[in-house]
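In what follows, a single structure is set out as structure tokens and then discussed.
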Amino acid sequence: MNPIAQLDQAHVWHPFTQMRDWLRREPIVLLEGKGAVLLDIHGREYLDANSSIWTNLHGHNHPQLNAALRRQLSKVAHTSALGFANEPASQLAAALVQGSKPIPEARAALEGPGAALTKVFYSDNGSTAVEVALKLAYEFTRRTHGAKPKPRFLGIKGAYHGDTVGAVSLGHIDLFHRAYAGLIFKSDSVMAPYCYRCPFNRAAPERADARTYRRCNWECVVGVERQLAQAKKQKRPYAGFVFEPRIQGAAGMIAQPDGWLRQVTEAARAHGALLIADEVMTGFGRTGTGTSTLTAGAGEKANTVGKPSSDPAPLFACQHEQVRPDFMCLAKGLTGGYLPMAATLTTEHIFGAFLGDYSEFRSFFHGHSYTGNQLGAALGLASLALLNSSASGRARSRLETRMAKQLQQLWSIPSVGDVRQVGLVAGVELVRDWKSRAQFDLAEQAGIRVCDAMASRGVLTRAIGNVVVLMPPYCTSDYQLDRMVSALAESIVEVHGRGE
Ligand SMILES: *Cc1c(COP(=O)(O)O)cnc(C)c1O
């Protein structure tokens, strides 16, 4: 085993990893990257098919990002946001505010719920971005509605919002949460719009994304409305509704049918709940340029949410359905996948509740040593400049179409149950048999084994249970994309055969 791998195994404890399995074999040690390609210590090449756990946007070792980093590095790497402003963090805040505007740009009120996002609170990662939104929403509600009843939060089943205690409390993945039951506070959840396994979907399985052939009456939306009505009746309304817009990531790439987000957020808004959009995974163009590849479900009116072509390509998932959150949590792609940095955007309305005389101590009591880091902010600006270029928009749109086309080949494999694509994210759900939707037991590691087989074909990604994720960097070429999909198809057949 090479010496670096030995050091790793001697001392590094990996996240979300059964370390006994980890210690059984030599890990891949990644040394270099260029574009969508990663190189390991033995000189083997791999394609980064999950953008290094959903963080990378424009590829590794990008000349413009590298140049921006070097430019900033020649000035200063970090100064404190406690007491001091800095150039890139100020400029990035303005750029994020600009980029988060609704599309098409309707007149947004400056005050009240649904107003424009104008304030940016920096932190270090997705979990803290959510933690900040949670604390702000909690404290805002206490200040405006009084301390009783205690502010409560509503989320979606299967949701993942990060690993700090507050973010875990807002999440609803039982496997992760059981361990910390005694540490976390209770939050409520509503059913996820998981069309493929929805008990209300009366359609038999087809060889297509379940959102396109589902037969239902939007029971998932009715469920949300009922939950909200009940809370109101009990005089314990929700202070906030937390959601991953358009697609829930760690839940298993649960793609929402068009219109779901719009309907549930309108209901939550009418209830009086603050809308907390967790765009940690979906932000920065990940959910597509607006060319929806999805057709409406049977018996429904066609999707009317599409954007007119004169508008810029949406950067955020909320913009696809004209949802105006009170909080938008950003991290993963914020620096293009280079450095850990996060931002929580909010409105003047929320901000105002924290203003007062010094002696009132109404400040927001939260912050981190590296808040507003100059290197990270410089990268964020460079990444946004790339995203806003027409070349990037065209490349993303082309890649999205290519991906939709290539993924079609998976339907010929009987152990593929559902293929869900939203923009440049896809989840492929593996099943024992597509005709019955019979599931693999988690302990069978159906997804992990497919990812191992893909790695031996030079394609790296990570599964979520039985769902294999494809999330290519935006610079991925047609040829590289084709290789990612064919490695996935071959690996599924190798591991699971042609079905049982
Ligand atoms: C990854 C993720 C988080 C947590 O981000 P970290 O940077 O890993 O703390 C939160 N929400 C969503 C939707 C995520 O995908």
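So which of GLY162, GLY171 is within 16 Å of the ligand (Cβ to nearest atom), surrounded by 17 or more Cβ atoms within 10 Å (Cβ to Cβ) and free of Cβ contacts under 8 Å to residues at least 24 places away in the same chain?
Being within 16 Å of the ligand (Cβ to nearest atom), surrounded by 17 or more Cβ atoms within 10 Å (Cβ to Cβ) and free of Cβ contacts under 8 Å to residues at least 24 places away in the same chain holds for just one of GLY162, GLY171, which is GLY171.
One line per residue, one yes/no per condition, for (1) polar (S, T, N, Q); (2) within 16 Å of the ligand (Cβ to nearest atom):
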{"site": "ALA210", "(1), (2)": "no, no"}
{"site": "CYS220", "(1), (2)": "no, no"}
{"site": "GLN234", "(1), (2)": "yes, no"}
{"site": "ALA255", "(1), (2)": "no, yes"}
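ALA94 is checked against (1) of a type outside the set (D, E, K, R); (2) loosely packed, with under 15 Cβ neighbours inside 10 Å; (3) over 20 Å from ALA239 (Cα atoms); (4) more than 25 Å from the chain's Cα centre (by Cα) and fails just one. What number does that condition carry?
(4)
Table: residues versus (1) touching an Asp or Glu at 6+ places or on another chain (Cβ under 7 Å); (2) at pLDDT below 95.
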residue	(1), (2)
LEU134	no, no
TYR138	no, no
GLY155	no, no
ALA167	yes, no
ASP174	no, yes
ILE184	no, yes
PRO193	no, no
PHE200	yes, no
ARG211	no, no
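Look through region 61-79, keep the residues that are in contact with a Phe, Trp or Tyr (Cβ under 9 Å, 6 or more places away or on another chain) and not in a helix (DSSP H, G or I), and return whichever of them is surrounded by the most Cβ atoms within 10 Å (Cβ to Cβ).
Selected residue: HIS62.
Report, by residue number, each residue of region 326-345 that is crowded, with 24+ Cβ neighbours inside 10 Å and of a type outside the set (A, V, I, L, M).
Result: ASP326, PHE327, CYS329, LYS332, GLY333, THR335, GLY336, GLY337, TYR338, THR344.
Determine which member of the set GLY427, GLY417, GLY447, GLY423 is outside the structural domain of THR287 (by TED's automatic domain parsing), over 30 Å from LYS119 (Cα atoms) and touching a helix residue (DSSP H, G or I) at 6+ places or on another chain (Cβ under 8 Å).
After applying the criteria, what remains is GLY417.
Is it the case that ALA95 is away from the ligand (no atom under 16 Å from the Cβ), aliphatic (A, V, I, L, M), farther than 30 Å from ILE464 by Cβ and not in a loop (DSSP other than H, G, I, E, B)?
yes
The values are calculated or read from the model by the stated rules, or taken from the named source; none is laboratory data. Since the structure is predicted, the reported quantities are computational estimates derived from the model, not experimental observations. Note: ideal-geometry Cβ built from the backbone for every residue, glycine included; neighbour counts use all protein chains shown.
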